[in-house]
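Comments concern the structure below.
Every number here is computed from the coordinates shown, using simple stated rules; none is lab data. It should be emphasised that the depicted structure is a prediction, and the values quoted were computed from it without experimental measurement. As a convention, Cβ positions derive from the backbone with ideal geometry for all residues, glycine included, and neighbour counts pool all protein chains shown.
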Amino acid sequence: MLDAEYLNEYYRTMGMVIRRRRQKHYKSMELFADKIGMKFQQYSKCELGRNMKTETILRILEGLNINHGDFFAEVYTHMKNWEKKNRNNINQ
């Protein structure tokens with residue numbers, strides 16, 4: 001069963017991957033948010049792993065020209081490493 005700690009880390013990881021990919025092409029969150037038609041405040045929450053609705057994620061991935069499979073593979077890899085480090089907490 002997924003607990004709150006796992007889900008928080010999953011969303012945080014998604015935000016981290018988005019931020020890392022965005023920084024390769026756009027130095028400014030404001031410019032990128034404007035490009036994809038989002039308010040800066042809404043987009044900045046996404047980079048923090050908040051406000052992660054499917055529609056929002058897809059809009060961001062499209063704006064960054066990121067393949068969905070590549071994105072989720074990167075998130076999956078991070079989560080597997082996180083699980084190994086936190087195995088005791090997960091099994092409790």
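Taking every C-alpha pair closer than 8 Å and separated by at least 6 residues, the mean separation divided by the residue count of the chain gives a relative contact order of 35 percent. Under 15 Å from the Cβ of G49, count the other residues' Cβ atoms, weight Lys and Arg +1, Asp and Glu -1, and hand me the total. The answer is +4.
The count of lysine pairs in the chain with alpha-carbon distances below 30 Å, taking only pairs 8 or more places apart or on different chains, stands at 22. Compactness of the range 7-86 is given as radius of gyration and Dmax, 12.3, 38 Å, from Cα positions.
The stretch between A73 and L58 holds 3.9 nm of extra length on full extension. This uses 0.36 nm per residue minus the Cα-Cα distance.
Among L61, L48, L31, the largest mean-square fluctuation in a Gaussian network model of the chain, built with springs joining Cα atoms closer than 10 Å, belongs to L31. For the pair H25 and Q41, label points projected 7 Å from Cα toward Cβ lie 2.7 nm apart. Using a 10 angstrom Cβ neighbour count of at most 10 plus a DSSP loop assignment to flag exposed trypsin sites (Lys or Arg not before Pro), which longest range of the chain is free of such sites? Maximal segment without exposed cleavage sites: 54-92.
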